[in-house]
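Accompanying notes for the structure given below.
The values are calculated or read from the model by the stated rules, or taken from the named source; none is laboratory data. Since this is a predicted model, take the numbers as computed values, not measurements. Cβ coordinates were reconstructed from backbone atoms using ideal geometry, including for glycine residues, and neighbour counts include every protein chain displayed. With ligands, DNA and RNA removed, areas are computed over all heavy atoms of the protein, side chains included. Shrake-Rupley method; radii C 1.70, N 1.55, O 1.52, S 1.80 Å.
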Amino acid sequence: MRSRPTVLKEISPNHLIIKKSDNLLEDIPTQLIYKEDQGILKQYWKVGVHESSGDYWENYIDVQTGNITVRNNLTLVDLSHSIHLVLICHLRPLIQALSNSIECG
């Protein structure tokens, strides 16, 4: 059985900050919103979850069913190191061929 969430701050009746659990990095922002689903306006809790893995998830929870209907990973990834390695690996043969054909000095 899950425990009842602890509200840390009520920004408005529709916008709450919930105390994080041990496996999360930040307290949980929640906002009660209306969203169209197949032509019907429905109520959802929009819930942001920052996991200890570093992933940040934006979840939409149907107020009537309690089901997560949409889950978006909003984590930004720094690919600069990976791109650098890919460029070095792919360009190394070209650089070596060019340096062998160029006389320096």
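Taking all protein chains together and rolling a 1.4 Å probe, TRP45 ends up with roughly 70 Å² accessible.
How high is the FRET efficiency between TYR34 and SER3 when r is their beta carbon distance and R₀ equals 30 Å, given to the nearest 0.05? Once rounded, the FRET efficiency stands at 0.60.
Taking 7 Å steps out from each Cα toward its Cβ at LEU41 and SER21 produces label points 3.4 nm apart.
Assuming 0.36 nm per residue, please report the length gained on full extension of the stretch TRP57 to LEU76 beyond their Cα-Cα distance.
Values: separation 19, 0.36 × 19 = 6.84 nm, distance 1.12 nm.
Result for the pair: 5.7 nm of gain on full extension.
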